[in-house]
Amino acid sequence: MTRQAAAHAATTAAGSAPRAADARFAHRNLPMLLLRAREGVLAHFRPLLKAHGVTEQQWRIVRVLVERGPLEPRQLVGLCCISSPSLAGMLARMDDLGLVARERVGHDQRRVRVSLTAAGRRLAARMAPRIEAVYRDIEAHIGADFTARFYRTLDELIMMMDEPALAGASGLRAVRARGANGAHAPAGTAPRIA
């Protein structure tokens with residue numbers, strides 16, 4: 001059998017095995033669309049973050065600590081969408097920069113509570129008016145009604161994707177953003193990236 005005939009026989013034997021070019025999807029790529037939207041929004045905030053010497057992840061931590069008060073690292077993982085190993089290194093750097101303080105929880109020395117330092121609060125206070133100005137610019141561009149609807153839709157999506165029924169049916173592990181008391185964050189309080 002020639003090489004060409006063998007290749008043809010192998011292809012025929014494979015039958016209808018799908019090739020990459022044959023892949024068809026009924027749904028749009030939701031994760032990719034959300035990433036593109038995120039990048040579009042973050043592009044407006046990045047110059048401000050860079051000017052203040054903080055990364056996007058550091059700002060998420062600062063913002064959540066401003067809004068929620070002192071939290072344990074496990075809570076920050078959920079609220080800031082940062083992996084535990086990444087968060088550990090980030091908190092160490094932020095501690096070195098004097099933005100956060102970590103202290104042991106009195107009754108359980110294995111637990112740590114993270115809070116903003118005076119320098120961290122001053123950074124947030126300096127940035128807040130500029131951050132809010134960026135939000136006003138975005139809202140002026142896309143419209144107040146669209147902005148309000150989009151926030152509601154995002155809150156609903158986050159709550160629905162966190163439902164145990166979906167997690168069990170799809171084999172996904174539910175990731176829950178928990179507040180300082182361990183309860184789910186109420187609707188409308190999902191942390192913003194910037």
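Computed packing ranks the peptides 54-66, 97-109 as 54-66, 97-109, most packed first, by mean other Cβ atoms within 10 Å.
Rolling a 1.4 Å probe over the protein chains gives TYR135 an accessible area of about 40 Å².
Expressed in nm to one decimal, what extension gain is obtained for the pair ASP155 and LYS50 from 0.36 nm per residue of sequence separation less their Cα-Cα distance?
Here the segment from ASP155 to LYS50 would lengthen by 35.0 nm.
If you rank PHE25, PHE150, PHE45 by how much accessible surface each has, with a 1.4 Å probe, what is the order from largest down? Working shown, then result.
Details: PHE25 175, PHE150 90, PHE45 0 Å².
My answer, sorted largest first, is PHE25, PHE150, PHE45.
The values are calculated or read from the model by the stated rules, or taken from the named source; none is laboratory data. Note that the structure is a prediction, hence the values are computed from the model and not measured. Virtual Cβ from ideal backbone geometry, glycine too; neighbours counted across all protein chains shown. Side chains are part of the model used for accessible areas, which takes the heavy atoms of the whole protein and leaves out ligands, DNA and RNA. Shrake-Rupley method; radii C 1.70, N 1.55, O 1.52, S 1.80 Å.
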